[in-house]
Amino acid sequence: MIKRILKWTVSLILLALLIWFEIAYWTSTNDCDRKAAAPSNPMKAIVYCDYGLKNLKLENIEKPTPNDDQLLVRVRAASVNPYDWHFVEGTPKIMRAMGVGLRKPKDTRLGVDFAGTVEAVGKNVTQFKPGDEVFGGRGGAFAEYVCPRANRAVALKPANVTFEQAASVNIAGITALQAIRDKGKVQAGQKVLINGASGGVGTFAVQLAKSFGAGVTGVCSTRNVDLVKSLGADHVIDYTKEDFAKGAERYDAILDNVPNHSLSECRRVLNPNGKYVLIGGGGPNDSRWIGPFGRIIKTMVLSPFINQKMGMMMADANHDDLTILADMMQSGKLKPVIDRTYKLSEVQAAIAYLEEGHARGKVIITVE
Ligand SMILES: NC(=O)c1ccc[n+]([C@@H]2O[C@H](COP(=O)([O-])OP(=O)(O)OC[C@H]3O[C@@H](n4cnc5c(N)ncnc54)[C@H](OP(=O)(O)O)[C@@H]3O)[C@@H](O)[C@H]2O)c1
């Protein structure tokens, strides 16, 4: 009897979940389904109504108006991050159930990193004024205008830095800084290995780890060895010829942008009290359902039982860290590496290039 009740209860719960999922899936909607009249004050922006790179379009939409705490910034350049293709592709698919949109993307705007000129400020804004050149992060940055909040991820652009260089910094630069300083707790004299040293995060991380006084080993392919050396790496491992996880060297911190080695392989080359910082989650075709979540859980489960610290990081873009990076750029200690530049109308091609997983530094979008 109890067995039958249990069986029926489980079946009913499963049925209810299935019905809930079906309803949630088919009622999942976005702005495109509520399309209003033509914008009265238009600006050009990248919009995607459905998942998939082919669905990106450059459209005229309403130009935003800053609220009391925001700035209106005319975007001069933006940069592309793997973060963008996660949203365009809707992968790993678990993201869709976590609020990104089950059937369609809830937020139809794209891009985060920007640099540009302040055109107007809200009445509570005292830190910035019209005419200031700024950079930072705000959703919907692949557009002619964005409205960041003045007290969030926005800072003054140094005069000796171009808009393209400044636009490259927000996600990649902040990730590198927080991975080294906050998660890796890197100290002068320590040995740091950066796996994926030639990409967006890696090119910032090599320079920042050097500025912390660390001995830096960068891992990249043959064609990027000279680039990574030129950024200050003390040693470069060409992954097409040598596997860092099989080497004799031991590191105090590993910053992992390319999780292509098992955790035990990484632990083998980590000092007994070393720190493993999981940054990257793989490409668009790696583990399309759960992405890096399996590895994240493994690091969390393992970490309390071993002396080595293992954990993932999530970059937290903020004004203070952007200002640190701005000061370093101004003094010449940090130089963004720019791979390619595309126009706003070419965002699709820019993201397709990044999805290949072999960018050298940052991919930039210029906004005329
Ligand atoms: N946790 C966070 O808050 C956070 C923030 C930003 C980014 N991320 C993640 O971090 C990762 C890196 O981001 P990114 O902006 O640097 O990406 P990216 O610019 O696309 O990285 C591309 C680089 O990866 C290198 N690479 C590819 N395969 C490699 C391998 N087997 N070994 C070593 N290097 C390899 C490539 O070098 P070669 O051409 O030489 O192969 C290329 O230079 C992504 O997964 C991204 O999603 C996480």
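Contour minus end-to-end for Asn41 and Ala24, with contour as 0.36 nm per residue of separation and end-to-end as the Cα-Cα distance?
Separation in residues times 0.36 nm, less the Cα-Cα distance, equals 2.7 nm.
Ordered by residue, what ³J(HN,Hα) values in Hz, to whole numbers, does the stretch 66-79 give under the Karplus form 6.51 cos²θ - 1.76 cosθ + 1.60, where θ = phi - 60° and Gly and Pro are x?
Values, residue by residue: x, 7, 4, 9, 10, 10, 9, 10, 7, 6, 9, 7, 9, 10 Hz.
Could you check the spin-label model distance between Leu15 and Lys333? Points 7 Å from the Cα along Cα→Cβ, value in nm.
6.6 nm
Which of these, Gly215, Gly280, Gly131, has the largest mean-square fluctuation under a Gaussian network model of the chain (Cα springs below 10 Å)?
Maximum among the listed residues: Gly131.
For the chain, what does the helix formula give at 222 nm: sum of -39500 (n - 2.57) over DSSP H segments with n ≥ 4, over the residue count, nearest 500 deg cm²/dmol?
Mean residue ellipticity at 222 nm (helix-derived): -8500 deg cm²/dmol.
In what order do Cys32, Cys147, Cys266 fall by count of nearby beta-carbon atoms within 10 Å, going from fewest to most?
Final ranking by Cβ density, sparse to dense: Cys32, Cys147, Cys266.
Whole-Hz Karplus ³J(HN,Hα) for the stretch 248-254, in order, using 6.51 cos²θ - 1.76 cosθ + 1.60 and θ = phi - 60°, x for Gly and Pro?
Along the stretch 248-254, the couplings run 8, 5, 10, 10, 7, 8, 10 Hz.
Shape call for the stretch 93-212 from the C-alpha gyration tensor, a ≥ b ≥ c root eigenvalues: rounded (a/c under 1.5), prolate (a/b greater than b/c) or oblate?
It is oblate, given that a/c is not under 1.5 and a/b is not larger than b/c.
Taking neighbour Cβ counts within 10 Å as the exposure measure, how do Tyr83, Tyr145, Tyr25 sort from fewest upward?
Tyr25, Tyr83, Tyr145
How large is ³J(HN,Hα) for each residue in the stretch 310-316, as worked out from phi by the Karplus curve 6.51 cos²θ - 1.76 cosθ + 1.60 (θ = phi - 60°), to whole Hz, x for Gly and Pro?
Once θ is set to phi - 60°, the couplings for the stretch 310-316 become 10, x, 9, 10, 10, 4, 10 Hz.
Between the stretch 321-348 and the stretch 204-260, how far is it from one alpha carbon centroid to the other, in angstrom?
The distance from the Cα centre of the stretch 321-348 to that of the stretch 204-260 comes to 21 Å.
Which of Ile46, Ile61, Ile351 ends up with the largest GNM mean-square fluctuation for the chain, with Cα atoms connected below 10 Å?
Ile61
Expressed as a whole percent, how much of the Cα-Cα distance distribution for the chain exceeds 28 Å?
49 percent
Can you tell me how much longer the chain between Lys3 and His358 gets when fully stretched, taken as 0.36 nm per residue apart minus their C-alpha distance, in nm with one decimal? Don't jump to the answer; show the numbers that get you there.
Working: separation 355, 0.36 × 355 = 127.80 nm, distance 5.55 nm.
Computed gain between Lys3 and His358 is 122.2 nm.
Counting only DSSP beta bridges with both residues in the chain, tell me the antiparallel percent, nearest 5.
Antiparallel: roughly 55 percent of the beta bridges in the chain.
When the chain is modelled as a GNM with alpha-carbon springs shorter than 10 Å, which of Ile306, Ile290, Ile338 fluctuates the most?
Per the Cα network of the chain with a 10 Å cutoff, Ile306 tops the list.
Bear in mind that the values in this text are calculations on the coordinates, not laboratory data. Everything numeric here is computed off the predicted structure, so don't read it as measured data. Note that each Cβ is placed from the backbone with ideal geometry, even for glycine, and that neighbours are counted across all protein chains shown.
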